[in-house]
Every structure is written in C-alpha cells, then in structure tokens.
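Report on the following structure.
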Amino acid sequence: MTAIPKLSPEDTIARLNNMHLEHQTSYLSMYSTWYGGIITDPALMLVPIDDHMVHRGDGIFEAFKCVQGNIYLLDAHLDRLQRSAELIDLNWPMDRSELQEAVVQTIQAGNERNALVRLYLSRGPGDFSPNPYASIGSQLYIVATTLSAPDPSLREKGCSLALSKIPLKPGIFSTVKSCNYLPNALMKKEAVDLGVDYTLGLDECGHLAEGSTENLGIVTRNHELLVPKFHRILRGTTLIRAMHLAQELVHAGELREVKETDLGTEDIVSAREVIIFGTTMDALPVVTFQGQRIDAGTPGPIIRRLYELLCQDQLESTEVLTPVF
C-alpha cells in the first residue's frame, strides 16, 4: 500500500474545491449553525463527524417543499419537529421565528422558486460516546435542493407495492422523525431488490403501517377513504392535509367518509383504490400489490381528485403557504 498523504487545512480545502460530483448538482444552499451562515458550494456542505446525529443518529429532521416561491405546510412540519424534539428532550438552538427565517433565507440563497428543503436538528458535536450530555449543544442544518417530481409514468399508469419484512420501530421511535433511519433505508433497499416501487410495513398484529417514507390510504368499495392508525407510524403532513382536503369529496358525495382505522392486507386486496402519500409525490396510485392487480389495475377517480386538490392547495391556499420570494 502506498503512503497515505497527510493533508494540511489548505490541501483539504483545495481537494474539496476540486470535487464536482454529479449527485451534488441539485444542491442549492445550506445553512449551518456550526458554520454560522449560509453556503452555496456543495463541496462545503458538511457536518462534523463527531456530531451525535452522525455517529449515533441522535437528531431529528423534516423535509418540505417550496412551490413557486412559497413553502408548503411549513407550520405543520415545524409542529412535528417540535413534537419530535420534545419526545427526545432536544433543545432548539434558536426560537421558532428565527428558525423559520433561517429556512426562508436559505431558500432565497439557493435562488430557486421550486425547492425541496431538508431541516436537521442535531444533538451537536462532542465526543464519540452515546452520552447526549457530552455534546456542546444542539445544531441546525438546513439544505435546499432542486425539487424533482416522481417518474410521470407512476402517476399515469400507477405503481407497485409489496409487503416489507423489516420490523417496525417500537414505541415512540415509530413516531419520532429521527435521523436513525436504518429500517427505512432497508425498506427502500428491499423495494429496489424486489423490483417494486414501494414496500409497506406490518405491525406485530398484522396491521398495515407505512412505507420507507410514505403513508398509505385505501378507498373501499363503500367509497370510504381509510388510513392506518397513527399509533405506530409518523403523522405524514401530506396525508393529514389530504384527509382534510378529502372532506370536499365527502361533501360532493364522491366519498362517504374519511377516517383512521386498523387495516390489514385483505383491505388492500379488496380495495377499489390504493394511494401512496408523500412530500415529493403528493399522491400516487398503487395498481398492484404483491404482484396482483388491484381492482381494474388502473388509477381511479379518487386519487386523481386528491392529486388535483393537493396541487391546487399548494398554489392557492394562503393559510398553508409561507412566502419566500
């Protein structure tokens, strides 16, 4: 083995400046309390290796989008961030109004009206032990990237779903949006390895849960929109908003009701429509489950209406929009 070079700070920065990786072309801007400002060079969007978020997963995060210059559902995401922080006793490094302003300025620095924003709240740098009190204090990292849409064919023709063999997170760990996402990453790997678009978890009682980053909805033959109970899954902000918007369909007679309930695999098999909800895809139709066709095997009317309502909501509902530009 050849001798490994010992790099000076100048050598290190020079090497970083010469890194131009394809996957970083979508990175627009990053705010960091560790740096004390906003940077726009993807090569410098770094986090300390001794941050407890890195070596222990001791941190929480949120992901939300800016659509045509307005952040969608920011308050709902910050509310969930606050709940997660309280559950793991993690202090914010600034108050809520300051954090919101940091989000806005980070997006502005990226200079894109359509962006995906990831916000990380960490326990902070310290030693490499699991002791949370060994850190110097919580840190905030905000990253804005370009906003990409799912493959259009998934919306037009529908996507595939299979059951996951990855165990659900226990207790509060299933309701905290923590940076310990190993089960979620394994679920995504599982989907890729199986050749399906998404996998879906089951709890110990055989009740349907969630995907790696997605929520589930089922339209029954009685025209009900049903979603799994939230006691073992994250309260997806897109799903919660879709359930609210779906009341319009109830009033119009297109749906009978919208509710949480325990669901099993038999409910997917007998469903009229199955829907996947998430921040980037909004709502996507599922047309096969475990290799078997769902109903006619084509996207149904409720998914189309819900997607239309979500798209309209992102452009017109000022009560859930935070202006950036």
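The values are calculated or read from the model by the stated rules, or taken from the named source; none is laboratory data. Just so it is clear, the structure is predicted and the values come from calculations on it, not from any experiment. Backbone-built Cβ (ideal geometry, glycine too); neighbour counts: all protein chains shown.
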Within region 137-175, residues among the hydrophobic types (A, V, I, L, M, F, W, C), at pLDDT 95 or above and within 28 Å of Gln105 (Cα to Cα) come out as Leu140, Ile142, Val143, Ala144, Leu147
Within region 278-325, of all residues that are of a type in the set (Ser, Thr, Tyr) and assigned to a loop (DSSP other than H, G, I, E, B), the one surrounded by the most Cβ atoms within 10 Å (Cβ to Cβ) is Thr279
*If we scan region 110-130, do we find a residue that is part of a helix (DSSP H, G or I), buried (at least 16 other Cβ atoms within 10 Å of the Cβ) and not polar (S, T, N, Q)?*
yes
Going through (1) surrounded by fewer than 19 Cβ atoms within 10 Å (Cβ to Cβ); (2) under 16 Å from the mean Cα position of the chain (by Cα); (3) of a type outside the set (Ser, Thr, Tyr) one by one, Gly57 fails only at (2)
Log entry, pairs with first residue in region 131-150 being in a loop (DSSP other than H, G, I, E, B), second being surrounded by fewer than 20 Cβ atoms within 10 Å (Cβ to Cβ) and aromatic (Phe, Trp, Tyr), beta carbons closer than 7 Å, six or more apart or on different chains, reads Ser138/Trp92
Notebook entry, point to check: Does region 110-118 contain at least one residue that is in contact with a Lys or Arg (Cβ under 9 Å, 6 or more places away or on another chain) and of a type in the set (Lys, Arg)?
Noted result: no
- Item | Condition check for Asp262: of a type in the set (Asp, Glu), within 22 Å of Pro150 (Cβ to Cβ) and not assigned by TED's automatic domain parsing to the domain that holds Leu116 | no
Scanning region 19-33 for residues that are under 22 Å from Cys179 (Cα atoms) and in contact with a Ser or Thr (Cβ under 9 Å, 6 or more places away or on another chain), the one surrounded by the fewest Cβ atoms within 10 Å (Cβ to Cβ) turns out to be Ser26
Kindly evaluate Ser153 against the criterion of being closer than 30 Å to Pro125 by Cα and not aromatic (Phe, Trp, Tyr). no
- Regarding Ser160, is this residue more than 24 Å from Leu306 (Cβ to Cβ) and of a type outside the set (Val, Ile, Thr)? no
Among helices (runs of 4 or more DSSP H) entirely inside region 199-270, those with 2 or more residues being crowded, with 19+ Cβ neighbours inside 10 Å and touching a strand residue (DSSP E or B) at 6+ places or on another chain (Cβ under 8 Å) are 237-245
The one condition Gln139 fails out of (1) surrounded by 20 or more Cβ atoms within 10 Å (Cβ to Cβ); (2) touching an Asp or Glu at 6+ places or on another chain (Cβ under 6 Å); (3) more than 22 Å from Val274 (Cβ to Cβ) is (2)
| Condition test on Ala85, is it crowded, with 17+ Cβ neighbours inside 10 Å and either touching a residue at least 60 places away in the same chain (Cβ under 8 Å) or charged (D, E, K, R) (or both)? | no
